[in-house]
Structures are given as structure tokens and as C-alpha cells.
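The values are calculated or read from the model by the stated rules, or taken from the named source; none is laboratory data. What you are looking at is a predicted structure, and each value in this text was computed from that prediction instead of being measured. A quick note on method: Cβ atoms are made from the backbone with ideal geometry, for glycine too, and the neighbour counts reach across all protein chains shown. The protein model used for the area step is the full one, side chains on, heavy atoms only, and it has no ligands, DNA or RNA in it. Shrake-Rupley method; radii C 1.70, N 1.55, O 1.52, S 1.80 Å.
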Amino acid sequence: TAMGELFKNSIDAAASKVQIDYWQKQRCLVVSDDGLGMRADEEVIGKWLVLATDSKLPGNGPPSDWMKFATEEQKKRLEAGKVFGQKGIGRLAIALLGTGTLVWTRWGDGIERQRTLLLVPWSVFRHPKLTLDQIKLPMLRLERPATMADALQLVEQAHELISSMPSARQSQAEQLSLLRDDLTEKFRHSLTAPIAFPDTPGRMFIVLNTDDIVANHFEGWLGKEDIFSNDDSFNPEGPKAYLAFNNPFSETGPR
């Protein structure tokens, strides 16, 4: 269900392709699309990181400045006004899949191109004594495509931010210990996966230290090129979640 919500958000971003990459040993899941992407201030900070906005209420269509670089086909889809995802659900869904999310997104072209890399260690929000104004998330605005060194830099910055947070009570110290374990070991292990950061419009959500439910979901997928084939020997539960995104009557294959 969480993966399906991410697909819906990609449709709302005018994407025509959504791709899933999963590295079991590294506990790393990547969901990427070729939509319009997000701008640093307007979409990443102003919407994706906000608990609730009115951006998906009926009558509030996508902003024209965000659609500036959209193709005619993308504009037609967006201006139709049909919204698939619900505000905030995709972000909450991705938080269920792993203890950290690295967001890479590019919007626009030419001198107006924006590239943003953001790290969200979800465990920090479980801390019982931290208020939202005490939580700082590391983010980079880049003039070039992101690299793995940039991702590791964000992990280090997050570790420094977390280390400066108060931990007066033992319960807080235990929470911070779990979070530091993510930042010093588990996230770095996930980032040993062969991740490439494309310099094309769109979004990439890199789930770090994935939950065991993700491994169960992909059980039986590895090495299978077409999950919608007529191979009766392949019937895991996971692919059934994506049947709603598959059109068996398409003349050019599954859609």
C-alpha cells in the first residue's frame, strides 16, 4: 500500500515512468520517477516537509510556475485536475518502509535548474522530548548532479545535528543511541548500493535501512524481469499490489 501511494504521487507529478530498485543485502530501496521534480523552497521545504498544506484540496490546481518546463502532454494531464495521491500520505508511507529517506530531485532546466538533496532520519521524530523546532534536517542545493560523497556528507551532518540535541533523561539517551546507530552504521551500509543520481527532471526516494516487510514484499522477485508474465510458477503476494497500475489490454504491453 505504501508503494502504491508513492506511485500515485509520481502520477500527480506528471511522471510517465516509475522505477523501483531494491538491493536486499544493503537494505536499500529506490523509487524514482521522471516527473517534473520539486523545487527546494516551494515543494521540498514548503510542501513535502510540511505536515499539512492545502495543495491537494479540490480547486487548488498545480502552480503555473512549477509547470513552466512541462511538456504539452504533461500540462494537459495536470490541468485535468485529477489528483491520485492524498496530501501527506506518500511521505508517511515512505517513513514506514525504512528508518531513513534520502531525497534527490531535479526541477527545471537551464539557469533555472534546481537540484536538491535531502536526508530525513525518521527515527528522530520518535524522540519523546524533542519538539519540531528542535529538529534540523540536512539539505544541499547543488549546481551539479549529486554524488555518493554528497549523500555521505548529509549523513555526517545529520550525525552532528543529532549529537547536539539534548538527552538529559535516560529514555532520551536510548532514543538518540538508536538514531546514532542509523547514522554511523546502517545508513552508510545502505549507501554502498550502486545508486546513480540522474541529472534529469524527476524525483528519487532512497529508503535506507529498509524494514523487514520490504524484504518480504520482494521475496521471489529477484531475477524476474516481468512480474506480469504468464509464468504460473511465479505468484508472490507483492506484485498483486501493482495490478491497479497495469493495463492488460494495452496494445504496447503493460502500463
Check residue 209: other-chain or 5+ apart residues with amide H under 5 Å from its amide H, H built from backbone geometry?
190
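How do 137, 96 stack up against each other in accessible area, from largest to smallest, with a 1.4 angstrom probe? It would help to have the intermediate numbers written out before the result.
Numbers: 137 50, 96 125 Å².
Largest to smallest exposure gives the sequence 96, 137.
Can you compute the FRET efficiency between residue 111 and residue 16 using 1/(1 + (r/R0)^6), with r the Cβ-Cβ distance and R0 = 25 Å? Round to the nearest 0.05.
Details: r = 26 Å, r/R0 = 1.03.
Computed FRET efficiency for residue 111 and residue 16: 0.45.
Work out how much length residue 160 to residue 185 would gain on full extension: take 0.36 nm times their residue separation and subtract the Cα-Cα distance, in nm to one decimal. Provide the component values of the computation, followed by the final result.
Values: separation 25, 0.36 × 25 = 9.00 nm, distance 1.44 nm.
Extending this stretch completely gives an extra 7.6 nm.
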Place a point 7 Å from the Cα of residue 149 in the direction of its beta carbon; the residues of segment 192-216 whose amide N falls under 16 Å from it are 197
Which order do 124, 50 take when ranked by solvent-accessible area (1.4 Å probe, heavy atoms of all protein chains), largest first?
50, 124
How many nm separate the modelled label positions at residue 50 and residue 67, each set 7 Å beyond the Cα in the direction of the Cβ?
2.0
Cα centroid separation - segment 193-218 against segment 12-42, whole Å
7
In nm, give the distance between the simple-model label positions of residue 79 and residue 25, each being 7 Å from the Cα along the Cα-to-Cβ direction.
5.1
Step through the residues of segment 4-11 one at a time and calculate ³J(HN,Hα) from phi using the Karplus curve (6.51 cos²θ - 1.76 cosθ + 1.60, θ = phi - 60°), rounding each to whole Hz and writing x for Gly and Pro.
x, 5, 5, 4, 4, 5, 5, 4
